[in-house]
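K.L.:
Sharing a structure, written as structure tokens. Questions coming.
Read-outs: derived from the displayed coordinates by stated rules, not from any lab. None of the values given here were measured: they were computed from a predicted structure. With ideal geometry, Cβ positions are generated from the backbone for all residues, glycine too; neighbour counts draw on all protein chains shown.
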Amino acid sequence: MKNLIEVQNIKKNYGNKEAVKGISFNVEEDEILGLLGPNGSGKTTTIGMLLGLLKPTSGQIFINNLKLEENRIQILEMINFISPYIELPKKLTVKQNLYVYSKLYKVRNIKERIEYLSEKLRIGELLNSITGELSSGQKNRVSLAKALVNEPKVLLLDEPTASLDPEVGDFVRTFLEDYKKEKKISILLASHNMNEVTRLCKSVLMMKNGEIIDKGKPKDLITKHGRTNLEEVFLKLSRSKSEYN
Amino acid sequence: MSITRIYGLFLRHFYLITRSFPRILDLVYWPSIQITLWGFISNFFATHTTYYNNAVGVILTCAILYDFLFRTSIGFNMLFLEEIWSRNFTNLFIAPMRIGEILTSLVITALIRSLIGLVPAILLTSPLFGISILDLGIFLFFLFLSLYIFGITLGILVSSGLLRFGPSFENIAWSTMFLLAPFGCIYYPIETLPEIFQKIAYILPLVYIFEEARNILINQTVNIQNVYYAFMWNAFYFSLSIVLFYYSFNAAKNKGTLINMGE
């Protein structure tokens, strides 16, 4: 399988503080890789570097074999991102937002693309609604539609189901599974929902204090650490080091 | 440069303006109030001072020109701040847009915003005060162009600050025009300023623009040198603002401002 994301020994320092301490990993085509870690472990910084919003202090990032530093625009055309911490313009209708972003990503056949996403994400009835007036579940699906408007090869998800009720959360997870299978895209998923990670991810990276402290398939990690689920593994790993430090 | 992406970002702000009547009203309301106010002050001075004798429209014309500058600059800042306030900033910067495309789109949108306010204000001056800014003739275009470039330049400089320092720079965004206004010699000749202030005024394009507007209206002559100096200083500050914007963008990428903007 081809690696769509290749991260080679990236570091990020803010002054004297080392936010990310030389991490490397790959994400294959048609793979969802989980990025786990407590708050402040370096997940958002890592995602920021993959999106070109942050410049690594050292190391290299390749997306679809293109070096990010030298091909920023080309790479941004094939990548997209969703996070509960960023929103679409609230005063615009859903359709206007999707149209604007289709233009920014130079999408051809905008009408068909919006229709396709509306059907898949069940937002057809929301197209003429004001984005700021939607519920969190509806906003989440609209943000997901925006994130897929350019048919990305690589999708970065930062807590994509945070603040969603179980029904909508399950809908989003099922959608992501199906979409990944259909389009063979790579997904990097940062989440604190361990059930979600166990369900969706082929393998996970555990980060703490800017380092990858463990990695592997969810089931293998559970076995390796002698726990019954990934949440217990997460708690063990995030607590253990600090006990020894 | 992609016209599609420039148009896309323009649409984002066009939709925002056209969807909100209060926003349109806000664009039209302040310039019209400003012009009406200065129209009456202008009338008063025209009949009570010798300097403005036979030149009723001087203050009013300068008020219109200054308002255009003010609206252009604030308009540009507003476009940038809108992205921060709506927490859309990250979405914009992860879209495959070149810095040049973002700036071009904002420059066009800022012009349209300014014109929405300016045109009704100009139309008001004729029936209310019997004055037409068109008396400035063909040079009116050059004066407006100069003001537009300087307004955009200030907008880019402030946006650079927002990129570099984040939303905390917002207060500076509102105050830049007020800080520069005294040095612009908008309503009075440069000789009115103390000598040290005159030195500062001479390195800004504003003084040349407003001196020339008064010169045309009062003396009915054109001093092409003023127009030339205004463009020369504009070229300098505009280039500086572009360099600073790129510098701030790179600094923001190092510092992490782009990812935390709006928080």
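K.L.:
How many nm separate the modelled label positions at B:Asn215 and B:Leu37, each set 7 Å beyond the Cα in the direction of the Cβ?
P.N.:
Placing both labels 7 Å along Cα→Cβ, they lie 3.0 nm apart.
K.L.:
Another question, then. Which angle from 0 to 90°, rounded to the nearest 10, does the C-alpha axis of helix B:21-48 make with the longest principal axis of chain B?
P.N.:
The angle comes out at about 20 degrees.
K.L.:
Running a GNM on chain B with Cα contacts under 10 Å, which residue among B:Pro96, B:Pro31, B:Pro120 ends up with the highest mean-square fluctuation?
P.N.:
Maximum fluctuation in the GNM of chain B, among the listed residues, is at B:Pro96.
K.L.:
Quick check on the exposure proxy: order A:Ser240, B:Ser160 from fewest to most C-beta atoms within 10 angstrom.
P.N.:
A:Ser240, B:Ser160
K.L.:
Sticking with this one: Report, in deg cm²/dmol and to the nearest 500, the calculated mean residue ellipticity at 222 nm for chain A, where each DSSP H run with n ≥ 4 adds -39500 (n - 2.57) and the sum is divided by the residue count.
P.N.:
Helix contribution divided over all residues of chain A: -11500 deg cm²/dmol.
K.L.:
Something else now. Looking at the square roots a ≥ b ≥ c of the eigenvalues of the Cα gyration tensor of the stretch B:108-240, which shape do they give, rounded for a/c under 1.5, prolate if a/b is larger than b/c, or oblate? Could you put the intermediate results ahead of the total?
P.N.:
On the way: a/c = 1.83, a/b = 1.29, b/c = 1.42.
Since a/c reaches 1.5 but b/c is at least a/b, the shape of the stretch B:108-240 is classed as oblate.
K.L.:
Something else about it: Distance between the C-alpha centers of the stretch A:53-101 and the stretch B:106-140? Whole Å please.
P.N.:
Going from one Cα centre to the other spans 39 Å.
K.L.:
Now, a different point. Please work out the Cα convex hull volume for the protein assembly as shown and give it in Å³ per residue. Don't skip to the end; give the middle numbers.
P.N.:
Working: hull volume 82.1 nm³, N = 508.
Output value, Cα hull per residue: 162 Å³.
K.L.:
Further, regarding this structure: Calculated FRET efficiency, A:Ser240 and A:Glu112, Cβ-Cβ r, R0 51 Å, to nearest 0.05? Intermediate results must be reported in sequence, preceding the final value.
P.N.:
On the way: r = 51 Å, r/R0 = 1.01.
Using R0 = 51 Å, I get an efficiency of 0.50.
K.L.:
Just to verify a number: FRET efficiency for A:Asn16 and B:Leu25, C-beta to C-beta distance, R0 = 56 Å, to 0.05? Don't skip to the end; give the middle numbers.
P.N.:
Numbers: r = 51 Å, r/R0 = 0.91.
In this case the efficiency is close to 0.65.
K.L.:
For chain B, modelled as a Gaussian network with Cα springs under 10 Å, which listed residue fluctuates most, B:Phe178, B:Phe89, B:Phe70?
P.N.:
Residue with maximal mean-square fluctuation among B:Phe178, B:Phe89, B:Phe70: B:Phe178.
K.L.:
Based on the alpha-carbon gyration tensor of the stretch B:167-263, what equivalent-ellipsoid semi-axes (square roots of 5 times the eigenvalues) come out, in whole Å, largest first? If you can, show how the numbers build up before the last one.
P.N.:
Numbers: eigenvalues 242, 49, 23 Å².
Equivalent-ellipsoid dimensions as semi-axes: 35, 16, 11 Å.
K.L.:
Please work out the ratio of the alpha-carbon Rg of the stretch A:87-151 to 2.2 N^0.38 Å and round it to two decimals. Provide the component values of the computation, followed by the final result.
P.N.:
Details: Rg = 10.3 Å, N = 65, 2.2 N^0.38 = 10.7 Å.
Cα-based Rg divided by the globular estimate yields 0.96.
K.L.:
Taking Cα atoms, how many degrees apart are the long axis of helix B:3-19 and the longest axis of chain B, rounded to 10 and kept between 0 and 90?
P.N.:
Helix B:3-19 and the main axis of chain B meet at about 70 degrees.
K.L.:
Mind checking the mean number of beta-carbon atoms from other chains within 10 Å of the Cβ atoms in B:246-259?
P.N.:
On the way: counts 0, 0, 0, 0, 1, 1, 3, 7, 7, 4, 10, 2, 6, 11.
Partner-chain Cβ atoms within 10 Å, mean over residues of B:246-259: 4.
K.L.:
In straight Cα distance, which lysines are under 27 Å from A:Lys111, not counting same-chain residues fewer than 8 positions off?
P.N.:
The reachable lysines, counting only those whose Cα sits under 27 Å from A:Lys111, are A:Lys90, A:Lys91, A:Lys95, A:Lys103, A:Lys120, A:Lys139, A:Lys146, A:Lys153, A:Lys180, A:Lys181, A:Lys183, A:Lys184.
K.L.:
So what's the net charge close to A:Ser118: Lys and Arg +1, Asp and Glu -1, counting the other residues with Cβ under 14 Å from its Cβ?
P.N.:
Overall, the nearby charge balance is +3.
K.L.:
I would also like to ask the following. Taking the beta-carbon count within 10 Å as an exposure proxy, list A:Thr223, A:Thr161, B:Thr61 from fewest neighbours to most.
P.N.:
Arranged by neighbour count, lowest to highest, A:Thr223, A:Thr161, B:Thr61 become A:Thr223, A:Thr161, B:Thr61.
K.L.:
Any idea what the relative contact order of the stretch B:95-189 is, in percent, if you count C-alpha pairs under 8 Å spaced at least 6 apart? Can you show the working numbers first?
P.N.:
Details: 20 pairs, mean separation 15.0, N = 95.
It comes to 16 percent, rounded to a whole number.
K.L.:
What number, in nm² with one decimal, is the all-direction average of the projected area of the convex hull of the alpha-carbon atoms of the stretch B:3-260?
P.N.:
Details: hull surface 57.6 nm².
Over all viewing directions, the stretch B:3-260 projects a mean Cα-hull area of 14.4 nm².
K.L.:
So how do A:Cys201, B:Cys185 line up by other beta-carbon neighbours within 10 Å, fewest first?
P.N.:
Details: A:Cys201 22, B:Cys185 25.
Arranged by neighbour count, lowest to highest, A:Cys201, B:Cys185 become A:Cys201, B:Cys185.
K.L.:
Let me check against my output: what whole-number percent is the relative contact order of the stretch B:3-260, with C-alpha pairs under 8 Å and at least 6 apart? Please report the intermediate quantities before stating the final value.
P.N.:
On the way: 297 pairs, mean separation 61.8, N = 258.
Reported as a whole number, the value is 24 percent.
K.L.:
Around B:Leu9, with a cut-off of 9 angstrom between Cβ atoms, what is the net charge of the other residues, counting Lys and Arg +1 and Asp and Glu -1? Working shown, then result.
P.N.:
Values: positive: A:Lys103, B:Arg5, B:Arg12; negative: B:Glu101.
Net charge in that neighbourhood comes out at +2.
K.L.:
What net charge do the residues around B:Val227 carry, taking every other residue with its C-beta under 13 Å from that of B:Val227, with Lys and Arg at +1 and Asp and Glu at -1? List each step's numbers first, then the result.
P.N.:
On the way: positive: none; negative: B:Glu211, B:Glu212.
Neighbourhood net charge equals -2.
K.L.:
If you bin every alpha carbon distance in chain A into 5 Å steps from zero, what whole percent lands in each bin?
P.N.:
Histogram of Cα-Cα distances, whole percents per bin: 1, 6, 14, 17, 19, 17, 13, 8, 4, 1, 0, 0.
K.L.:
For peptide B:13-26, compute the average count of partner chain beta-carbon atoms within 10 Å of each residue's beta-carbon.
P.N.:
Details: counts 3, 2, 9, 6, 1, 1, 6, 1, 0, 0, 1, 0, 0, 0.
For peptide B:13-26, the averaged partner shielding equals 2.
K.L.:
For A:Asp220 paired with B:Ile108, estimate the spin-label separation in nm (one decimal), with each label point 7 Å from Cα along the Cα-to-Cβ line.
P.N.:
5.2 nm
K.L.:
Let me confirm one metric for peptide A:42-53, namely the mean number of other chain beta-carbon atoms within 10 Å of its residues' beta-carbons.
P.N.:
Numbers: counts 0, 0, 3, 2, 0, 1, 7, 3, 1, 5, 5, 12.
The mean count of partner-chain Cβ atoms within 10 Å per residue comes to 3.
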